[in-house]
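Participant: Take this structure first; my questions come after.
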Amino acid sequence: MTVRTANRGTAGRASALSRLGDAALPLGIMFSLLLVWEAAVHLLDIKAYVLPAPTAIFGELVASGPKVILPQLKATLFETLAGYALAVAVAAVLSVLILYSSAFRRGVLPLIVASQTVPVITMAPVLVIWFGYNSLPRIIITAIVAFFPLTIATVTGLRSLEPQFIDFFRSLNATPSQIFFKLRLPVALPNIFGGLKVAATLAVIGATISEWVGASQGIGYLIAQDTAQLNTTRVFASLTVLGISGMALFGLVGLVERLSMPWLHRRPSLAWLRNTRGNGQAAGAVARS
Amino acid sequence: MESARLQISGLYCGYVTPDRGLVPAVDGIDLSLKSNEFVSIIGPSGCGKSTLFNVIAGLLAPNSGDVALDGRKIVGQPGHVAYMMQRDLLLPWRTVLDNVVLGPELAGRPMAEVRNRALALLRRFGLEGYENSYPSALSGGMRQRAALLRTILCDRSVVLLDEPFGALDALTRATMHEWLLGIQREFRQTMILITHDPDEAVYLSDRVYVATPRPMRFAGVVPVSLPYERTSDVTMTPEFAHHKRQVLSFLRGGKDAPAALH
């Protein structure tokens, strides 16, 4: 244990290297696939409207990315983030209700589960009728797609507490709100962040498909237009941008996760700061051994 | 006669099963502790000792009987005594320092003062330099000492210890015994310890109560007449062996066991 404390600095650096190694494998596989794809398109003489070559997609990205795709991305990102925020708020309220009200758990939860079997995209036209041709129906669709797995993950986390900890807090005369905020919530954090990551990717998907119906802007709208005109190359360019956005959002949530749970993730920045501050501590540990 | 710090009288506690009705877990327990006394309760596993502690801690309401602290009834009221459970129950997301100040924090006491006191006590508890470490970095003995420091910082006159050293290896355990006695003397705590270990019970206690399995009753009590200031050497003396024999005899249900040495 002492050794671990003392060596944390070098261990951190080594793991940064090994993480670079971790990234090399998937990147290599992706690059090989792109090569095969490129070769197949040229050798089999596949038409661009059926399957464009990766180099053509890249060229399209450079040509129409800044002027055409990025402005549309702005609308989609807004819907994604607003819908995500709405989903988080709804999931928070639902989770607490499910946790503390057995009536809600028995009466309403089955209905929410049942509602998940309805394909959300079929509701899009109705929502447009209700809320008009603006971004609100699309934000709602995004939230509907994203809130459910987040709610389930949060409830699972909040209920994963061992009863002994509750007894212990009760023996300290803790109030119910102290038990929630100082015990249940920290215990649930790993599950909650798992749900937040899934919800982040779902929000991107939700926002995009919501733009297939009754939208006049957004990446989903652009994809629908380009598909109709057989501009397959730009469809793939748009998909590339979407993929990168989704990964960025996922990574951002992952970063927040690491920063908020330093007891699980010792390596990243916050823990590094802590270690530099606590150098005396490591030295003390060595002296003790 | 000096008045009792903790007075438990006629405690009866049972649980209801579908087929057998009310099954007693604790049946007619009387226990009286003076200030600064150390008393052990020894008995086989699952004999209802933890039920007794949950009642004293106010987590569980008994079917009948009373618990009084300094003459005041505390039945069904948590927060009056400090309770150290079998597992250390350190919160993995809090540093050692944040863990040990949990009691005063939940009670809403001014934290700057409490943290300073905790920092000053870390050395006495062998945790110096670990205030900013997470519990996952601590050894088993260190975790138990952190849990005990957290219990002491609750500032309660009576401390309940439910097999705190059960999971430790024998060597660590022996060190912890000597150290715990020092803490009990220094912080003037009235302690009740639950244990399976006759050596631990005799070494630490002023009195050892031997409990029968479910329902829990006291089969006998062994007053320990070892010097107040004791070190582990005392475990080699004939007096220690005699007390241990008495405890074991009660544990085996021997009716011929003497009630007291002198």
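The values are calculated or read from the model by the stated rules, or taken from the named source; none is laboratory data. All figures in this text were calculated on a predicted structure; none of them were measured in a lab. FYI the Cβ positions are ideal-geometry reconstructions off the backbone, even for glycines, and counts take in every protein chain you see.
Participant: From the list A:Ser171, A:Ser101, which residue is hydroxyl-bearing (Ser, Thr, Tyr) and within 14 Å of chain B (Cβ to nearest Cβ)?
Facilitator: Values: A:Ser101 fails: within 14 Å of chain B (Cβ to nearest Cβ).
So the residue among A:Ser171, A:Ser101 that is hydroxyl-bearing (Ser, Thr, Tyr) and within 14 Å of chain B (Cβ to nearest Cβ) is A:Ser171.
Participant: Please count how many residues of the range A:126-145 are loosely packed, with under 12 Cβ neighbours inside 10 Å and assigned to a helix (DSSP H, G or I). Let's see the steps before the verdict.
Facilitator: Applying the first criterion (loosely packed, with under 12 Cβ neighbours inside 10 Å) to the range A:126-145 yields A:126, A:129-130, A:132-133.
Now restrict to residues that are assigned to a helix (DSSP H, G or I): A:126, A:129-130.
Residues flagged as loosely packed, with under 12 Cβ neighbours inside 10 Å and assigned to a helix (DSSP H, G or I) within the range A:126-145 amount to 3.
Participant: Could you pull out the residue among A:Val145, A:Val198 that is away from every other protein chain (no Cβ under 14 Å), modelled with pLDDT under 95 and touching a Pro at 6+ places or on another chain (Cβ under 6 Å)?
Facilitator: Details: A:Val145 fails: touching a Pro at 6+ places or on another chain (Cβ under 6 Å).
None of the others qualify; the one that does is A:Val198.
Participant: When only residues in the range B:65-86 that are touching a residue at least 60 places away in the same chain (Cβ under 8 Å) and facing chain A (nearest Cβ under 10 Å) count, which is farthest from B:Leu149 (Cα to Cα)? Don't jump to the end; show me each part of the working.
Facilitator: Taking the range B:65-86 and keeping what is touching a residue at least 60 places away in the same chain (Cβ under 8 Å), we get B:67-71, B:80-86.
If we keep only those that are facing chain A (nearest Cβ under 10 Å) as well, we get B:80-86.
Values: B:His80: 17, B:Val81: 15, B:Ala82: 11, B:Tyr83: 12, B:Met84: 10, B:Met85: 13, B:Gln86: 15 Å.
Step by step, filter the range B:65-86, then rank; the result is B:His80.
Participant: Is one or more of the residues making up the range B:15-28 away from every other protein chain (no Cβ under 14 Å), in contact with a strand residue (DSSP E or B) (Cβ under 8 Å, 6 or more places away or on another chain) and of a type in the set (Asp, Glu)?
Facilitator: Here is the first cut: in the range B:15-28, the residues away from every other protein chain (no Cβ under 14 Å) are B:15-28.
If we keep only those that are in contact with a strand residue (DSSP E or B) (Cβ under 8 Å, 6 or more places away or on another chain) too, we end up with B:15-17, B:22-28.
Checking which are of a type in the set (Asp, Glu) leaves us with B:27.
Checking the range B:15-28: at least one residue is away from every other protein chain (no Cβ under 14 Å), in contact with a strand residue (DSSP E or B) (Cβ under 8 Å, 6 or more places away or on another chain) and of a type in the set (Asp, Glu).
Participant: Something else: With respect to B:Gly46, determine if the residue is within 29 Å of B:Leu248 (Cα to Cα), modelled with pLDDT under 90 and out of contact with any helix residue (DSSP H, G or I) (no Cβ under 9 Å at 6 or more places or on another chain).
Facilitator: Working: within 29 Å of B:Leu248 (Cα to Cα): yes; modelled with pLDDT under 90: yes; out of contact with any helix residue (DSSP H, G or I) (no Cβ under 9 Å at 6 or more places or on another chain): yes.
So B:Gly46 fits the description; yes.
Participant: For the range A:39-55, what are the residues that are more than 14 Å from A:Phe236 (Cα to Cα) and either of a type in the set (Asp, Glu) or crowded, with 17+ Cβ neighbours inside 10 Å (or both)?
Facilitator: If the condition is that a residue be more than 14 Å from A:Phe236 (Cα to Cα) and either of a type in the set (Asp, Glu) or crowded, with 17+ Cβ neighbours inside 10 Å (or both), then A:Val41, A:Asp45 are the ones that fit.
Participant: Continuing with the same structure: I'm told A:Thr156 meets every condition in (1) crowded, with 18+ Cβ neighbours inside 10 Å; (2) away from chain B (no Cβ under 14 Å) except one. Can you identify the failing condition by its number?
Facilitator: That leaves (1) as the condition not met.
Participant: Could you pull out the residue among A:Phe58, A:Phe104 that is surrounded by fewer than 16 Cβ atoms within 10 Å (Cβ to Cβ), touching a helix residue (DSSP H, G or I) at 6+ places or on another chain (Cβ under 9 Å) and farther than 22 Å from A:Gly214 by Cβ? Give the derivation first.
Facilitator: Values: A:Phe58 fails: surrounded by fewer than 16 Cβ atoms within 10 Å (Cβ to Cβ).
Only one candidate passes the filter, namely A:Phe104.
Participant: Also: Checking B:Arg143 against (1) outside any helix (DSSP H, G or I); (2) crowded, with 16+ Cβ neighbours inside 10 Å, which test does it fail?
Facilitator: All conditions pass for B:Arg143, except number (1).
Participant: Could you tell me whether B:Arg117 is under 24 Å from B:His80 (Cβ atoms), within 14 Å of another protein chain (Cβ to nearest Cβ) and charged (D, E, K, R)? Steps first, answer last, please.
Facilitator: Numbers: under 24 Å from B:His80 (Cβ atoms): yes; within 14 Å of another protein chain (Cβ to nearest Cβ): no; charged (D, E, K, R): yes.
For B:Arg117, the condition - under 24 Å from B:His80 (Cβ atoms), within 14 Å of another protein chain (Cβ to nearest Cβ) and charged (D, E, K, R) - is not met.
Participant: Another question, then. Take the residues in the range B:76-87 that are assigned to a loop (DSSP other than H, G, I, E, B) and under 18 Å from the mean Cα position of the chain (by Cα); name whichever of them is surrounded by the most Cβ atoms within 10 Å (Cβ to Cβ).
Facilitator: Step one: filter the range B:76-87 for residues assigned to a loop (DSSP other than H, G, I, E, B), giving B:76-81, B:85-87.
Adding the requirement that they be under 18 Å from the mean Cα position of the chain (by Cα) leaves B:78-81, B:85-87.
Values: B:Pro78: 19, B:Gly79: 19, B:His80: 21, B:Val81: 24, B:Met85: 22, B:Gln86: 16, B:Arg87: 18.
Checked the range B:76-87; the qualifying residue surrounded by the most Cβ atoms within 10 Å (Cβ to Cβ) is B:Val81.
Participant: Return yes when A:Ser177 is within 30 Å of B:Val81 (Cα to Cα), within 14 Å of chain B (Cβ to nearest Cβ), in a helix (DSSP H, G or I) and of a type in the set (Ser, Thr, Tyr) and no when it is not.
Facilitator: yes
Participant: Would you mind telling me which numbered condition in (1) hydroxyl-bearing (Ser, Thr, Tyr); (2) more than 21 Å from A:Val88 (Cβ to Cβ); (3) touching an Asp or Glu at 6+ places or on another chain (Cβ under 9 Å) A:Ser216 fails?
Facilitator: (3)
Participant: So which residues in the range A:181-213 are over 19 Å from the mean Cα position of the chain (by Cα) and not aromatic (Phe, Trp, Tyr)?
Facilitator: Taking the range A:181-213 and keeping what is over 19 Å from the mean Cα position of the chain (by Cα), we get A:181-187, A:211-213.
Scanning the range A:181-213 gives A:Lys182, A:Leu183, A:Arg184, A:Leu185, A:Pro186, A:Val187, A:Glu211, A:Val213.
Participant: Exactly one condition in (1) at the interface with chain A (Cβ under 10 Å from one of its Cβ atoms); (2) free of Cβ contacts under 8 Å to residues at least 12 places away in the same chain; (3) out of contact with any Leu (no Cβ under 9 Å at 6 or more places or on another chain) is not met by B:Asn54; state its number.
Facilitator: The failed condition is (3).
Participant: Among the residues that make up the range A:214-221, is at least one of them within 17 Å of A:Thr142 (Cα to Cα), within 18 Å of the chain's Cα centre (by Cα), buried (at least 22 other Cβ atoms within 10 Å of the Cβ) and in contact (Cβ under 8 Å) with a residue 60 or more places away in the chain?
Facilitator: Scanning the range A:214-221, I find no residue that is within 17 Å of A:Thr142 (Cα to Cα), within 18 Å of the chain's Cα centre (by Cα), buried (at least 22 other Cβ atoms within 10 Å of the Cβ) and in contact (Cβ under 8 Å) with a residue 60 or more places away in the chain, so the answer is no.
Participant: Right, here's the next one. Being without any contact (Cβ under 8 Å) to a residue 60 or more places away in the chain, over 25 Å from A:Ala82 (Cβ atoms) and not small (Gly, Ala, Ser) is the requirement here; does A:Ile179 meet it? First the steps, then the outcome.
Facilitator: Working: without any contact (Cβ under 8 Å) to a residue 60 or more places away in the chain: yes; over 25 Å from A:Ala82 (Cβ atoms): yes; not small (Gly, Ala, Ser): yes.
Answer is yes for this residue.
Participant: Out of the range B:92-117, which residues are assigned to a loop (DSSP other than H, G, I, E, B) and over 21 Å from the mean Cα position of the chain (by Cα)? Talk me through it step by step, then tell me what you get.
Facilitator: First, the residues of the range B:92-117 that are assigned to a loop (DSSP other than H, G, I, E, B): B:92-95, B:101, B:107-110.
If the condition is that a residue be assigned to a loop (DSSP other than H, G, I, E, B) and over 21 Å from the mean Cα position of the chain (by Cα), then B:Pro92, B:Trp93, B:Arg94, B:Thr95, B:Ala107, B:Gly108, B:Arg109, B:Pro110 are the ones that fit.
Participant: Here is a follow-up. Say we look at the range B:209-241 and pick out the residues that are out of contact with any strand residue (DSSP E or B) (no Cβ under 8 Å at 6 or more places or on another chain) and either buried (at least 16 other Cβ atoms within 10 Å of the Cβ) or in contact (Cβ under 8 Å) with a residue 60 or more places away in the chain (or both); which of these is nearest to B:Gly182 (Cα to Cα)?
Facilitator: Going through the range B:209-241, the residues out of contact with any strand residue (DSSP E or B) (no Cβ under 8 Å at 6 or more places or on another chain) turn out to be B:213, B:225-241.
Subset that is either buried (at least 16 other Cβ atoms within 10 Å of the Cβ) or in contact (Cβ under 8 Å) with a residue 60 or more places away in the chain (or both): B:213, B:226, B:230, B:235, B:240.
Numbers: B:Pro213: 31, B:Leu226: 15, B:Arg230: 9, B:Thr235: 16, B:Phe240: 19 Å.
Looking at residues that are out of contact with any strand residue (DSSP E or B) (no Cβ under 8 Å at 6 or more places or on another chain) and either buried (at least 16 other Cβ atoms within 10 Å of the Cβ) or in contact (Cβ under 8 Å) with a residue 60 or more places away in the chain (or both), I get B:Arg230.
Participant: Which condition does A:Ile29 not pass, out of (1) loosely packed, with under 13 Cβ neighbours inside 10 Å; (2) within 20 Å of A:Gln229 (Cα to Cα); (3) among the β-branched types (Val, Ile, Thr), if it passes all the others?
Facilitator: With (1) loosely packed, with under 13 Cβ neighbours inside 10 Å; (2) within 20 Å of A:Gln229 (Cα to Cα); (3) among the β-branched types (Val, Ile, Thr) applied to A:Ile29, the lone miss is (2).
Participant: Of these, B:Leu106, B:Leu102, B:Leu97, B:Leu121, which one is of a type outside the set (D, E, K, R) and buried (at least 20 other Cβ atoms within 10 Å of the Cβ)? Explain how you work it out, then say what you get.
Facilitator: Values: B:Leu106 fails: buried (at least 20 other Cβ atoms within 10 Å of the Cβ); B:Leu97 fails: buried (at least 20 other Cβ atoms within 10 Å of the Cβ); B:Leu121 fails: buried (at least 20 other Cβ atoms within 10 Å of the Cβ).
Only one candidate qualifies: B:Leu102.
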